[in-house]
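First comes the structure, then the notes that go with it.
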Amino acid sequence: MNETDSTHTAINLELRKFVAPEFIFGIDARKLAGRYAQQLGGRKALVVTDSGVIKSGWTLEVTNSLENAGIPFTLYSDVSPNPRDKEVMRGAAFYQEEGCNLIVAVGGGSVLDCAKGIGIVSTNKGNILSYEGVDQIKVPMPPLICVPTTGGTSADVSQFAIINNTGELVKIAIISKAVVPDVALIDPVTLTTMDPYLTACTGMDALVHAIEAFVSNASSPFTDVHALEGIRLISSNLVSSVQMPDNIDLRGKIMLGSLEAGLAFSNASLGGVHAMAHSLGGFKDLPHGECNAMLLRFVMDFNFNVTPEKYLRIGEAMGLDLRGMTMSHKKATILNQIEHIARTIGINKTLGGSGVRSVDVSQLATKAIQDPCIVTNPRHPKKRDIEVIYEEAL
Ligand SMILES: [Fe+2]
């Protein structure tokens, strides 16, 4: 028997739930927005997007689809990377002024998260920052259709919305079944306009989603299947996808891997990499996937020994032959492969190179340890542990 074969190991029988929206996966899924808006009773749609996605042409295709279905719409494109609390609040006010009753989000994770924020505030009122944490949303959002245009975020299927608290320079995580979209239209064609670095960062984000979901304290047999398949698809296709951006088969594999990772982490939650990346990304306004990639190896190193059998299964899903190695050699091989993928696709920054100084580490750790994602990290870190990991990544 293979030493990591799970056939004869006990399965987890603790209570677990699994939530997923309706999603359509495949070429031209984006063009179904109008039909779904109609089905959901749309009278007027707020289309949330950003200038880059408008330039790429995807927003126009989605609004054409709304027009063809006879659904009036208005655009809201005041969304930054790492969407800000104030952008959510302005969007919610605009939604009300325009008399919308449905939201269509076309874009990457920032756009989708901003759209979720607008939805939350438009029915629950108050400030978006007051909904931080788990299950704080009492009233359902308006119907939400998501058309993701990056292969990583999975906000289109997840119970997460991440918003930048600009006053405190930290990202907050809103985790609730209420922010799962009504439908996700997941179209690999939209990935073809991503530049190589965006492909790299969003792909690494998806890989981290799958890895953190698999080792999470809240994982289940349902999430494990998706997490391992996400790891397999992304680790074996991300480098080629960055090198051959027009190859739709590779884009499809990354989009599918991202979806698998999204289904896993939406239900199993995440861990230390995301807790630390949220703190870092809010502090320095860096791309989310880049933050994850800079931290992943060090958090895996910290966690490895509490659940080595899970990390070995991750290594196998990455296609590594670990037979005959000592445990420390296996660990080094897995961590080196993670680093190899990140470097090959052009992510070779350090925290220090991104402007983080030693004096910032304490403040970063204070915020990371309060992030809801830390709860499901397989090893419970103290603040000092988090500081050490940030210092290693400097
Ligand atoms: Fe992420």
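The values are calculated or read from the model by the stated rules, or taken from the named source; none is laboratory data. In this text, all values refer to a predicted model and were calculated from it rather than measured experimentally. Neighbour counts run over all protein chains shown; Cβ positions are idealised from the backbone, glycine included. Just so you know, the surface numbers come from the protein's heavy atoms only, side chains and all, with ligands and any DNA or RNA stripped out. Shrake-Rupley method; radii C 1.70, N 1.55, O 1.52, S 1.80 Å.
Helix-only arithmetic for the chain: the sum of -39500 (n - 2.57) across DSSP H runs with n ≥ 4, divided by the residue total, places the mean residue ellipticity at 222 nm at -15500 deg cm²/dmol.
Two decimals is fine: what is log10 I(q)/I(0) at q = 0.07 Å⁻¹ for the chain, from a Debye sum with one equal scatterer on every Cα and no solvent? Debye curve over Cα of the chain, log10 I(q)/I(0) at q = 0.07 Å⁻¹: -0.29. Toward the positive end of the charge dipole of the stretch 194-393, with +1 on the Cβ of Lys and Arg and -1 on the Cβ of Asp and Glu, the farthest Cα among ALA277, LEU207, ASN237 is that of ALA277. Dipole check for the stretch 22-190: with +1 at the C-beta of Lys and Arg, -1 at the C-beta of Asp and Glu, and the Cα centre as origin, the magnitude is about 200 Debye.
For the stretch 194-393, the relative contact order is 29 percent, taking Cα pairs closer than 8 Å that sit 6 or more residues apart in sequence and dividing their mean separation by the residue count.
For the stretch 1-87, the set of trypsin sites (Lys or Arg not before Pro) satisfying both a DSSP loop assignment and a count of at most 10 other C-beta atoms within 10 Å is given as LYS17.
For the stretch 39-131, the spherically averaged projection of the C-alpha convex hull amounts to 5.6 nm². Based on every Cα atom in the stretch 194-393, Rg and the maximum pairwise Cα distance Dmax equal 15.7, 46 Å. When the Cα positions of VAL134, THR74, LEU144 are compared along the charge dipole of the chain, VAL134 comes out farthest toward the positive end, with charges on each C-beta of Lys, Arg, Asp and Glu.
Distance between Cα centroids, the stretch 222-299 to the stretch 16-65: provide it in whole Å. Using only Cα atoms to place each centre, the spacing works out to 22 Å. Annotation: amide H-H contacts under 5 Å for TYR76 (H modelled 1.01 Å from N, sequence separation of 5 or more, or interchain): VAL47, VAL48, THR49. The loop-placed chymotrypsin sites (Phe, Trp or Tyr not before Pro) in the stretch 10-47, going by DSSP, that have at most 16 neighbouring Cβ atoms within 10 Å of their Cβ come out as PHE18. Only protein heavy atoms count here; under a 1.4 Å probe, GLU132 has an accessible surface of about 90 Å².
Between the stretch 181-200 and the stretch 333-394, the alpha-carbon centres lie 26 Å apart.
Rounded to the nearest 20, the Cβ-based charge dipole of the stretch 86-155 about its Cα centre (Lys and Arg +1, Asp and Glu -1) stands at 60 debye. The charge dipole of the chain, taken about its Cα centre with unit charges on the Cβ atoms of Lys, Arg (+1), Asp and Glu (-1) only, comes to about 400 debye. The share of alpha-carbon pairs in the stretch 22-190 lying farther apart than 27 Å comes to 14%.
Of the solvent-accessible surface of the chain, computed with a 1.4 Å probe over protein heavy atoms with every protein chain present, carbon and sulfur atoms account for 53 percent. Sorting the segments 263-275, 323-335 by their mean number of nearby beta carbons within 10 angstrom, highest to lowest, gives 263-275, 323-335.
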